[in-house]
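Heads up, the thing below is written out as structure tokens.
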Amino acid sequence: MSPPSISLIMAAYNAAPFIADTLERIVGQMTARHELIVVDDGSRDDTADQVRAFQARHPALRIVLHQQANAGIAGARNAGLALAGGQYLAFIDSDDRLRPGALAALGDVIARERPDVISTAFHFWHPDAPHKDRDVQLSYPAGRRIEGQEAILAPFFDDRHTYLWNNICRREVYARLPQPPFPAGRVFEDLSVVPLLLAHCHSMVYLPFVLLDYRQHPASITKAVSARWCVDVVTALASARAPLAQAGISATVQERFDAAVCDFYVGTVKCSYQLPGAEGAAVRTRLREIFLTSLFAPVERLRARLGAPGASKADRRNARQLGQILRGDWLFQLRQTASRQFKLWRRARAAQ
């Protein structure tokens, strides 16, 4: 039996409410050139039973169920990666929806170009707030083969969409990373892994096809944001700095990396103002330490570059707010505290 062209890898934990819909949209597109690997990461519901039902209904398809004790999303992805036999690896979350024609569109690019990575468009999907739905297109030239580290990484850091599932890589690219590729116990592992994957790719094709619907859950922000959440966000991208330096990224890519790090840092600091006073202050001290040690350029040079007349509106805003953060501007702190508390109040009221 020939190896599959594409392995789809899904980590699943207590995914019973969503996984049948997700699987239905995958198996309807699968052929003998595909395999689906579902890693049940210690679920306590009937996730595994639902996967078995699909195996029974589609015996001609390669659908693999691997069950393990709970190891977290990184551990589940590493397990799926070890089982995958495909030439290309596509990760998909257990609650997202693959768009019709997605596997055929990927197959056409593979047959025509065989790049190291295929990057795709995607859709932010808010089932409970459809007015927020939107397609996301990246800034790469569409449908054209791109070669070289800078051509791949510079737009990636400009776009700042650091997701794993819209970057379908050759299996051997993962083998070039430290093993296992996904760091155990870390949240936001995409932030640290995807830049390294792309740094080891020599060629890319951007497919403007909307690959999947990325489900946005209406989770309470009070539950999502914590001291650990804040530290994990900033640490994840910062941890990519040393491996990227070892990969020999250019000065241009270093500048784009610093701008992306600043964007995530400023956004996380603003979120931290919903934490209790002393806890929030301690977290912001820690975030500052991580941020300042993760840059390639001195912070004042970064601020000057982001605030220059030709910079984007978002970068100019980041430059201004970065300055306010670093000098402890009391008005900025007051505004952020008021803004975050108002948003919490509004969300709580809407949930009643």
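Scanning segment 299-322 for residues that are aliphatic (A, V, I, L, M) and exposed (fewer than 15 other Cβ atoms within 10 Å of the Cβ) yields ALA304, ALA308, ALA314.
Filtered by the rule that a residue be farther than 17 Å from GLU279 by Cα and touching a residue at least 60 places away in the same chain (Cβ under 8 Å), segment 313-342 gives LEU322, SER339.
Applying the condition of being among the polar types (S, T, N, Q) and in contact with a helix residue (DSSP H, G or I) (Cβ under 8 Å, 6 or more places away or on another chain) to segment 285-303 and asking which residue is nearest to ALA238 (Cα to Cα) yields SER294. Residues that are closer than 20 Å to PRO100 by Cβ and in contact with a Leu (Cβ under 8 Å, 6 or more places away or on another chain) within segment 8-22 comprise LEU8, MET10, THR22, listed in sequence order.
Restricting GLY310, GLY267, GLY280, GLY248 to residues that are in contact with a Ser or Thr (Cβ under 8 Å, 6 or more places away or on another chain) and among the small types (Gly, Ala, Ser) narrows the list to GLY280. Would you confirm whether any residue within segment 240-258 is touching a residue at least 24 places away in the same chain (Cβ under 8 Å), part of a strand (DSSP E or B) and more than 17 Å from the chain's Cα centre (by Cα)? Checked against the condition, which is being touching a residue at least 24 places away in the same chain (Cβ under 8 Å), part of a strand (DSSP E or B) and more than 17 Å from the chain's Cα centre (by Cα), segment 240-258 yields no hits at all.
Scanning segment 300-347 for residues being in a helix (DSSP H, G or I), under 22 Å from ASP258 (Cα atoms) and not basic (Lys, Arg) gives a total of 14. Take the residues of segment 113-123 that are in a loop (DSSP other than H, G, I, E, B) and surrounded by 19 or more Cβ atoms within 10 Å (Cβ to Cβ): which is farthest from the chain's Cα centre (by Cα)? If we take residues in segment 113-123 being in a loop (DSSP other than H, G, I, E, B) and surrounded by 19 or more Cβ atoms within 10 Å (Cβ to Cβ), then PRO115 is farthest from the chain's Cα centre (by Cα).
For every residue, the table says whether it meets (1) without any contact (Cβ under 8 Å) to a residue 24 or more places away in the chain; (2) under 22 Å from TYR214 (Cα atoms); (3) crowded, with 20+ Cβ neighbours inside 10 Å.
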| site | (1), (2), (3) |
| --- | --- |
| ILE19 | no, yes, yes |
| ARG25 | no, yes, no |
| GLY42 | no, no, no |
| ASP49 | yes, no, no |
| ARG52 | yes, no, no |
| PRO59 | yes, no, no |
| VAL64 | no, no, no |
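Scanning segment 60-119 for residues that are under 14 Å from ASP40 (Cα atoms) and among the acidic types (Asp, Glu) turns up ASP93, ASP95. One residue stands out in segment 34-65 among those that are out of contact with any Asp or Glu (no Cβ under 8 Å at 6 or more places or on another chain) and of a type in the set (S, T, N, Q): the one that is farthest from ILE110 (Cα to Cα), namely SER43. Taken over segment 124-156, the criterion of being free of Cβ contacts under 8 Å to residues at least 24 places away in the same chain and either of a type in the set (Asp, Glu) or exposed (fewer than 13 other Cβ atoms within 10 Å of the Cβ) (or both) is satisfied by PRO130, HIS131, ASP133, ARG134, SER139. Scanning segment 284-324 for residues that are over 26 Å from the mean Cα position of the chain (by Cα) and aliphatic (A, V, I, L, M) turns up ALA304, ALA308. Does PHE264 fit the bill of being in contact with a helix residue (DSSP H, G or I) (Cβ under 7 Å, 6 or more places away or on another chain) and assigned to a helix (DSSP H, G or I)? So PHE264 passes the test.
Of the residues making up segment 105-123, those that are acidic (Asp, Glu) and touching a residue at least 12 places away in the same chain (Cβ under 8 Å) number 2.
Read-outs throughout are calculated quantities, based only on the coordinates presented, and are distinct from any laboratory measurement. None of the values given here were measured: they were computed from a predicted structure. Here the Cβ is made from the backbone with ideal geometry for all residues, glycine too, and neighbour counts use every protein chain on show.
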